[in-house]
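Inspection log for the structure reproduced underneath, given as structure tokens.
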Amino acid sequence: MEQLPAAFYQAIAELQRSGEQLVLVHGGGPMITEMLSKMEIPPRFIEGLRYTCEATMDVVEMVLGGSINKRLVRRLLQAGCRAWGLSGIDGGMISARQTDQPLGLVGEIVSVETSLLVSLLDQGYLPVVAPLGVEQDGRQVYNINADVAAGAVAAALGANKLLMVTDVPGILIPDGDSLVCKQTVDPHEIAELIEKQVITGGMIPKVRSALAALEQGVEEVVICRGTPEDLHGIFAGKPVGTSLRKSRDERSATMKGVSV
């Protein structure tokens, strides 16, 4: 997020003014790590996912739900965008339970309540969502991977596109002595690329979240840098970054399973 120029927020505002309904789900790993360092709490990662102890959870909640969320809202307001900041805790929007993985207070999403998001969208706002989840009784807050949260929110809203903005132009594959961005990919190819260790580290939860969103009905997931050219190109139907869709066979099988 620190690398995103003012033009990124201006492009978002332009898309909103053109009638697009957008929801921004953000992370903030580097800023969390920076704050943990200041508080002398060593960060720990397992397969690209942050291990969250109780002390880390306090920092995650403070940084994600506070400083980062409001900073993004301010930048969007400055660009002329109508933005409203909130987290998955507000209204119990993201209901979660503790994951079975050895990641501490990291949550697995149970459900997403979209009524608040829909209300904000209907009023012309762009919701800016911090990826925090809460147990249904409100007793425990969980750290949610931002990509996982974005995929779940997109699926719950029935979004036709999920854009995953990152610091690389898409999924990079070897081409001779260099790496090139793979323009399109389907779920079968994703599994092969993970097995061959072409997709590694933080890209793994990103593509897994993308696949989960596709399974739940999102039509397309695009992994890209999120430049203004990328954003306008995606909504104009141009090829940008790496586009993930179900294969034709999978789409046909889904169609055959629909009862009308």
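The values are calculated or read from the model by the stated rules, or taken from the named source; none is laboratory data. Here the structure is a predicted model, which is why all the values come from computation and not from measurement. In this analysis, Cβ positions are derived from the backbone assuming ideal geometry, glycine residues included, and neighbour counts consider all displayed protein chains.
Within the range 169-180, residues that are within 14 Å of residue 225 (Cβ to Cβ) sit with their Cβ atoms under 9 Å from residues that are polar (S, T, N, Q) and in a loop (DSSP other than H, G, I, E, B), at 6+ positions apart or across chains, in these pairs: 170/183. Of the numbered criteria (1) touching a Ser or Thr at 6+ places or on another chain (Cβ under 9 Å); (2) exposed (fewer than 14 other Cβ atoms within 10 Å of the Cβ); (3) not in a loop (DSSP other than H, G, I, E, B), the one residue 136 fails is (3). Evaluated against (1) more than 29 Å from residue 118 (Cβ to Cβ); (2) surrounded by fewer than 14 Cβ atoms within 10 Å (Cβ to Cβ), residue 50 falls short on exactly one condition, (2). On the given criteria, is residue 14 among the acidic types (Asp, Glu), at negative phi and either at pLDDT 95 or above or outside the structural domain of residue 145 (by TED's automatic domain parsing) (or both)? Here the answer is yes, as residue 14 does meet what is asked.
Hey, does the range 21-35 have a residue that's surrounded by fewer than 18 Cβ atoms within 10 Å (Cβ to Cβ), more than 19 Å from residue 146 (Cα to Cα), over 17 Å from the mean Cα position of the chain (by Cα) and assigned by TED's automatic domain parsing to the domain that holds residue 100? No, the range 21-35 contains no residue that is surrounded by fewer than 18 Cβ atoms within 10 Å (Cβ to Cβ), more than 19 Å from residue 146 (Cα to Cα), over 17 Å from the mean Cα position of the chain (by Cα) and assigned by TED's automatic domain parsing to the domain that holds residue 100. Residues in the range 188-234 that are surrounded by fewer than 17 Cβ atoms within 10 Å (Cβ to Cβ) and polar (S, T, N, Q): 197, 200, 216. Tell me yes or no: at least one residue of the range 88-104 is in contact with a helix residue (DSSP H, G or I) (Cβ under 6 Å, 6 or more places away or on another chain), surrounded by fewer than 20 Cβ atoms within 10 Å (Cβ to Cβ) and more than 21 Å from residue 155 (Cβ to Cβ). Looking through the range 88-104, none of the residues is in contact with a helix residue (DSSP H, G or I) (Cβ under 6 Å, 6 or more places away or on another chain), surrounded by fewer than 20 Cβ atoms within 10 Å (Cβ to Cβ) and more than 21 Å from residue 155 (Cβ to Cβ).
Considering 16, 21, the condition of being under 20 Å from residue 226 (Cβ atoms) and touching a Cys at 6+ places or on another chain (Cβ under 8 Å) is satisfied by 16 alone. If you filter the range 65-99 down to residues that are under 17 Å from the mean Cα position of the chain (by Cα) and hydroxyl-bearing (Ser, Thr, Tyr), you find that the one that is farthest from residue 140 (Cα to Cα) is 87.
The set of residues from the range 146-168 being closer than 15 Å to residue 21 by Cα and among the charged types (D, E, K, R) comprises just one member, 161. When the range 53-64 is limited to residues that are surrounded by fewer than 21 Cβ atoms within 10 Å (Cβ to Cβ) and in contact (Cβ under 8 Å) with a residue 40 or more places away in the chain, the one that is nearest to the chain's Cα centre (by Cα) turns out to be 61. Of all residue pairs spaced 6 or more apart or on separate chains, those with beta-carbon atoms under 6 Å, a first member in the range 115-126 that is in the same structural domain as residue 85 (by TED's automatic domain parsing) and a second member that is surrounded by fewer than 19 Cβ atoms within 10 Å (Cβ to Cβ) and in a loop (DSSP other than H, G, I, E, B) are 121/21; 124/82; 125/82. The number of residues in the range 82-114 being in contact with a Phe, Trp or Tyr (Cβ under 7 Å, 6 or more places away or on another chain) and free of Cβ contacts under 8 Å to residues at least 12 places away in the same chain comes to 0. Taking the range 145-255 as the region of interest, the strands (runs of 3 or more DSSP E) fully inside it that hold 3 or more residues being in contact with a helix residue (DSSP H, G or I) (Cβ under 8 Å, 6 or more places away or on another chain) are 161-165, 220-224. Within the range 116-125, not a single residue is of a type in the set (D, E, K, R) and over 30 Å from residue 9 (Cβ atoms). Within the range 232-247, does at least one residue satisfy the condition of being over 25 Å from residue 24 (Cα atoms), at pLDDT below 90 and more than 14 Å from the chain's Cα centre (by Cα)? For the range 232-247, residues over 25 Å from residue 24 (Cα atoms), at pLDDT below 90 and more than 14 Å from the chain's Cα centre (by Cα): present. Residue check: is residue 185 buried (at least 17 other Cβ atoms within 10 Å of the Cβ), within 28 Å of residue 21 (Cα to Cα) and modelled with pLDDT under 90? Answer is yes for this residue.
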